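S.K.: One structure, pasted below without further comment.
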Amino acid sequence: DTVFGVQFDGGVILAADQSNARSILTYQSNLDKITQLSSHSALGVSGPNSDLVNFSEYVSKNFALYQLSNDGLPLSTHAQANYCRNELAVALRKGPYQVNCLLGGYDASLGKGSLYWMDYLAALSKVNYGCQGHASSFCLSIMDRHWVEGLTQEKAVAIVDKCIKELQVRFLIAQPNFIIKVIDKDGVRTLKFGADPADN
């Protein structure tokens with residue numbers, strides 16, 4: 001599984017491969033691994049499909065419940081990241097979620113986006129760019145070279161496109177389709193995809 005994200009001036013880009021595979025089989029190639037958590041945040045998850053769906057749906061429904069219980073007040077991206085980290089830490093001593101995540105969001109109060117990196121051991125770090133999976137061996141150097149403070153959305157998408165191209169050229173495992181989402185002041189929206197997730 002591959003998930004990566006880039007923070008830009010005014011938001012965050014999240015991208016993920018769309019393959020659902022196990023062992024030597026590919027089950028589907030149009031899976032959406034980026035779950036919308038709130039109007040202005042999303043979670044990109046890599047891991048087994050069962051844990052991916054269970055964890056992302058569990059936290060998104062809890063955020064919706066919190067908002068309903070608190071007169072429509074949404075959690076900040078920082079609070080959402082810490083909630084996810086705590087859930088991973090609690091599960092670690094019971095039945096761990098085998099998920100590695102990138103959480104991106106936009107906070108209107110701050111006027112900027114933020115990106116958080118989490119692994120299945122409940123380590124949490126605020127980053128400018130991040131990658132989960134074997135793709136980190138290929139993509140982190142590209143992000144490190146091209147990411148600069150005050151990056152525009154177009155340049156952030158260009159970095160993501162460079163990473164995808166590098167994976168398709170160099171990576172042993174075929175990942176033909178990727179979905180790219182942007183989170184900014186206008187909310188969460190899909191920028192482009194290789195295969196339509198709604199096509200069942």
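The values are calculated or read from the model by the stated rules, or taken from the named source; none is laboratory data. Remember, predicted model here, so these are calculated numbers, not experimental data. Every residue, glycine as well, gets a Cβ built from its backbone with ideal geometry; the counts of neighbours run over all protein chains shown. Each accessible area value is taken on the protein alone, full model and side chains, heavy atoms only, with ligands, DNA and RNA left out. Shrake-Rupley method; radii C 1.70, N 1.55, O 1.52, S 1.80 Å.
S.K.: Would you confirm whether any residue within region 52-59 is under 22 Å from residue 167 (Cβ atoms) and under 11 Å from the mean Cα position of the chain (by Cα)? Steps first, answer last, please.
M.R.: Residues of region 52-59 that are under 22 Å from residue 167 (Cβ atoms), as a first pass: 52.
After this cut, where a residue has to be under 11 Å from the mean Cα position of the chain (by Cα) as well, the list is none.
Checking region 52-59: not a single residue is under 22 Å from residue 167 (Cβ atoms) and under 11 Å from the mean Cα position of the chain (by Cα).
S.K.: Mind listing whichever residues of region 76-115 are touching a His at 6+ places or on another chain (Cβ under 6 Å) and aromatic (Phe, Trp, Tyr)? Explain how you work it out, then say what you get.
M.R.: Restricting attention to region 76-115, the residues satisfying the condition of being touching a His at 6+ places or on another chain (Cβ under 6 Å) are 105-106.
Selection gives 106 alone.
S.K.: Kindly evaluate residue 109 against the criterion of being of a type in the set (S, T, N, Q), without any contact (Cβ under 8 Å) to a residue 60 or more places away in the chain, part of a loop (DSSP other than H, G, I, E, B) and over 21 Å from residue 19 (Cα atoms).
M.R.: Details: of a type in the set (S, T, N, Q): yes; without any contact (Cβ under 8 Å) to a residue 60 or more places away in the chain: yes; part of a loop (DSSP other than H, G, I, E, B): yes; over 21 Å from residue 19 (Cα atoms): yes.
Judged against the criteria, residue 109 is a match.
S.K.: Is it the case that region 140-152 has a residue that's under 19 Å from residue 33 (Cα atoms), open to solvent by 30 Å² or more (accessible area, probe 1.4 Å) and either modelled with pLDDT under 95 or not in a strand (DSSP E or B) (or both)? Show your work before the answer.
M.R.: Pass one, region 140-152, residues under 19 Å from residue 33 (Cα atoms): none.
Scanning region 140-152 turns up no residue that is under 19 Å from residue 33 (Cα atoms), open to solvent by 30 Å² or more (accessible area, probe 1.4 Å) and either modelled with pLDDT under 95 or not in a strand (DSSP E or B) (or both).
S.K.: Same structure again: Can you find even one residue in region 45-52 that is touching a residue at least 60 places away in the same chain (Cβ under 8 Å), more than 15 Å from residue 107 (Cα to Cα) and not aliphatic (A, V, I, L, M)? Spell out the reasoning first.
M.R.: Keep residues of region 45-52 that are touching a residue at least 60 places away in the same chain (Cβ under 8 Å), which gives 46-47.
From what is left, the residues that are more than 15 Å from residue 107 (Cα to Cα) are 46-47.
Now restrict to residues that are not aliphatic (A, V, I, L, M): 46-47.
Yes: one or more hits.
S.K.: Shifting gears a bit: Which residues, counting only those in region 79-90, are without any contact (Cβ under 8 Å) to a residue 24 or more places away in the chain and either under 17 Å from the mean Cα position of the chain (by Cα) or crowded, with 16+ Cβ neighbours inside 10 Å (or both)? Steps first, answer last, please.
M.R.: In the first step, residues of region 79-90 are kept if they are without any contact (Cβ under 8 Å) to a residue 24 or more places away in the chain; the result is 79, 90.
Once the filter is applied, which keeps residues that are without any contact (Cβ under 8 Å) to a residue 24 or more places away in the chain and either under 17 Å from the mean Cα position of the chain (by Cα) or crowded, with 16+ Cβ neighbours inside 10 Å (or both), region 79-90 yields only 79.
S.K.: Kindly establish whether residue 70 is over 27 Å from residue 21 (Cα atoms) and without any contact (Cβ under 8 Å) to a residue 24 or more places away in the chain.
M.R.: Criteria met by residue 70.
S.K.: Within region 10-39, can you find the residues that are touching a helix residue (DSSP H, G or I) at 6+ places or on another chain (Cβ under 8 Å), assigned to a loop (DSSP other than H, G, I, E, B) and at negative phi?
M.R.: Residues satisfying the conditions are 31, 33.
S.K.: In addition: Being closer than 17 Å to residue 14 by Cα, open to solvent by less than 30 Å² (accessible area, probe 1.4 Å) and not in a loop (DSSP other than H, G, I, E, B) is the filter here, so list the residues in region 91-106 that pass it.
M.R.: Residues satisfying the conditions are 101, 102, 103, 104, 105.
S.K.: In the list 126, 162, which residue meets the criterion of being open to solvent by 40 Å² or more (accessible area, probe 1.4 Å) and in contact with a Phe, Trp or Tyr (Cβ under 6 Å, 6 or more places away or on another chain)? Reasoning before the result, please.
M.R.: Working: 162 fails: in contact with a Phe, Trp or Tyr (Cβ under 6 Å, 6 or more places away or on another chain).
From the options 126, 162, the qualifying one is 126.
S.K.: Can you find even one residue in region 84-97 that is touching a helix residue (DSSP H, G or I) at 6+ places or on another chain (Cβ under 6 Å) and either at pLDDT 95 or above or not aromatic (Phe, Trp, Tyr) (or both)?
M.R.: Here is the first cut: in region 84-97, the residues touching a helix residue (DSSP H, G or I) at 6+ places or on another chain (Cβ under 6 Å) are 84, 97.
Filter once more, keeping what is either at pLDDT 95 or above or not aromatic (Phe, Trp, Tyr) (or both): 84.
Looking through region 84-97, at least one residue is touching a helix residue (DSSP H, G or I) at 6+ places or on another chain (Cβ under 6 Å) and either at pLDDT 95 or above or not aromatic (Phe, Trp, Tyr) (or both).
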